[in-house]
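The values are calculated or read from the model by the stated rules, or taken from the named source; none is laboratory data. The shown structure was predicted, so the numbers you read here are calculated from the model rather than taken from an experiment. Cβ placement follows ideal geometry from the backbone for every residue including glycine, while neighbour counts extend to all protein chains displayed. Side chains are part of the model used for accessible areas, which takes the heavy atoms of the whole protein and leaves out ligands, DNA and RNA. Shrake-Rupley method; radii C 1.70, N 1.55, O 1.52, S 1.80 Å.
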Amino acid sequence: MNSPSDPAEEAWTPTYAAPAWYTNPLAEGSPDSPTPWHSVGADVEPEQGSECHVCRAQPVVTSGIKSHTGLILWSRSRTVTEPLCRQCGIALVRVMTTRTLWQGWWAPLSLLVHTPVALVGNARAYRQFKALPVSAPERWRPSLVLGRPIWRRPEAYMALVPLACLAAVLIHLIGG
C-alpha cells in the first residue's frame, strides 16, 4: 500500500552545484581557493627563509657543524646543517667542538680519521660564522648563549690523554 504523496514535495527538487575548487583539482593551489577540508589543522612546515633556525635573526650561514663520539669499538657522528646567525652558530660550534675534543678520540678509527675531520670542519664553520655581522634576535626567541671559548673549557683538555698515548706509541715504535 502506497502512502499518498504530498504535491508540495514533488514540486520542489533540491539542486546542488559543486564549487569550482572542488571539481577542478588544479584550482586547489590557487590563492583564492579555500583551504581543503583535509588540511585544516595540519602542521605546516615553515618555509626555509634566510633567518636563524634558533632565534630568527639575519643574516645567516648554513654550514655543517659536526660532533663525533668514539665508543671503543664503534663511533657515532652528528651533523647540524641548519641556517644559523653569528651568535647561535659560534655557540653551537663551541659546544660540539668541545664534545668532540672530549669524547671523539676513544676509538681507533676515530682517533685517526673521524675526529680530525670533524675538528677541521668545525674550524671552517667557525670562520664562516665569525665573518657574519652581529645581529639582534627577535625578542621572544633569544639566541644561544656563547659561553666560554673552547680552550677555557676543562673538557677540551681531555683530548690530551689519547694524544699523549698516541705520541708514546709512536715514540716507542720509532725509537725501539
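Can we say Val134 is among the β-branched types (Val, Ile, Thr) and either touching a residue at least 60 places away in the same chain (Cβ under 8 Å) or open to solvent by less than 80 Å² (accessible area, probe 1.4 Å) (or both)?
Against the criterion (among the β-branched types (Val, Ile, Thr) and either touching a residue at least 60 places away in the same chain (Cβ under 8 Å) or open to solvent by less than 80 Å² (accessible area, probe 1.4 Å) (or both)), Val134 does not qualify.
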Based on what the data block shows, is Val113 in contact with a Phe, Trp or Tyr (Cβ under 8 Å, 6 or more places away or on another chain) and either of a type in the set (A, V, I, L, M) or within 19 Å of Gly70 (Cα to Cα) (or both)? no
Among the residues in region 129-141, are any within 24 Å of Gly70 (Cβ to Cβ), out of contact with any His (no Cβ under 6 Å at 6 or more places or on another chain) and not aromatic (Phe, Trp, Tyr)? no
In region 56-99, residue farthest from Val134 (Cα to Cα) [restricted to those that are among the basic types (Lys, Arg) and buried (at least 20 other Cβ atoms within 10 Å of the Cβ)]: Lys66
For helices (runs of 4 or more DSSP H) lying entirely in region 61-176, having 1 or more residues that are in contact with a Gly (Cβ under 9 Å, 6 or more places away or on another chain) and modelled with pLDDT under 90 picks out 160-175
Name the residues in region 117-160 that are β-branched (Val, Ile, Thr) and farther than 20 Å from Met96 by Cβ, would you? Val134
